[in-house]
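Heads up: the structure comes next, in C-alpha cells.
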Amino acid sequence: MATEKLIVTGMKCPKCEARAVKACMSLEGVESATANHETNTVELTYSGDAAVLEAAKAAIVNAGYTVEG
C-alpha cells in the first residue's frame with residue numbers, strides 16, 4: 001500500500017469532503033481516503049499503482065474540485 005497527500009482546492013465544508021472521499025472510494029485499488037477542507041488536502045491510501053492515483057485525481061476533478069500538482 002502507498003499513501004499520498006493531495007492538495008485539493010474548492011472544498012468549502014464537510015459535505016465537500018464527503019463528496020471527494022466518495023469519489024475516491026468508488027475506485028478499485030483505493031483502500032481509504034480522508035479529506036479536510038480547512039487544510040485543502042485529501043489523503044489517499046491505495047495499491048501503489050500509478051494508474052489508481054491518476055484515476056483518483058480525475059475522480060476528484062470530476063466531483064468538482066481542483067487537484068494541485
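The values are calculated or read from the model by the stated rules, or taken from the named source; none is laboratory data. Since the structure is predicted, the reported quantities are computational estimates derived from the model, not experimental observations. All Cβ positions, glycine included, derive from the backbone under ideal geometry; neighbour counts span all protein chains shown. Remember, those area values only see protein heavy atoms, side chains included, never the ligands or the DNA or RNA. Shrake-Rupley method; radii C 1.70, N 1.55, O 1.52, S 1.80 Å.
If you take every residue apart from E4 with its C-beta less than 14 Å away from the C-beta of E4, what net charge results, scoring Lys and Arg +1 and Asp and Glu -1? The partial results should precede the final answer.
Values: positive: K5, K57; negative: E31, E43, D49, E54, E68.
Around E4, the charge tally is -3.
Counting each pair of different Cα atoms once, what's the Kirkwood radius of the chain in Å, rounded to one decimal? List each step's numbers first, then the result.
Details: mean 1/r = 0.0879 Å⁻¹.
Taking every pair of different Cα atoms in the chain, averaging 1/r and inverting gives 11.4 Å.
Below 8 Å between Cα atoms, with a sequence gap of 6+, how large is the relative contact order for the chain in percent?
On the way: 125 pairs, mean separation 29.5, N = 69.
Rounded, it is 43 percent for the chain.
Please give the charge dipole size of region 3-69, origin at the Cα centre, charges +1 on K and R Cβ atoms and -1 on D and E Cβ atoms. Round to the nearest 20 debye. Don't skip to the answer; put the middle values down first.
Numbers: 6 positive and 9 negative charges, 68 e Å.
The calculated dipole for region 3-69 is roughly 320 debye.
Express in nm, to one decimal, how much length is gained between S32 and D49 on full extension, taking 0.36 nm for each residue of separation and deducting their alpha carbon distance. The partial results should precede the final answer.
Working: separation 17, 0.36 × 17 = 6.12 nm, distance 1.44 nm.
Extending this stretch completely gives an extra 4.7 nm.
Between N62 and M1, take the C-beta separation as r, use R0 = 35 Å, and let me know the FRET efficiency to the nearest 0.05. Spell out each step's value before the answer.
Working: r = 24 Å, r/R0 = 0.68.
So the FRET efficiency works out to roughly 0.90.
First compute the accessible area of the chain with a 1.4 Å probe, then give the percent of it belonging to carbon and sulfur atoms. If you can, show how the numbers build up before the last one.
Numbers: 2020 of 3970 Å².
Roughly 51 percent of what the probe reaches on the chain is carbon or sulfur.
Once you place label points 7 Å from the Cα toward the Cβ at T39 and M25, how far apart are they in nm?
A separation of 1.9 nm, rounded to one decimal place.
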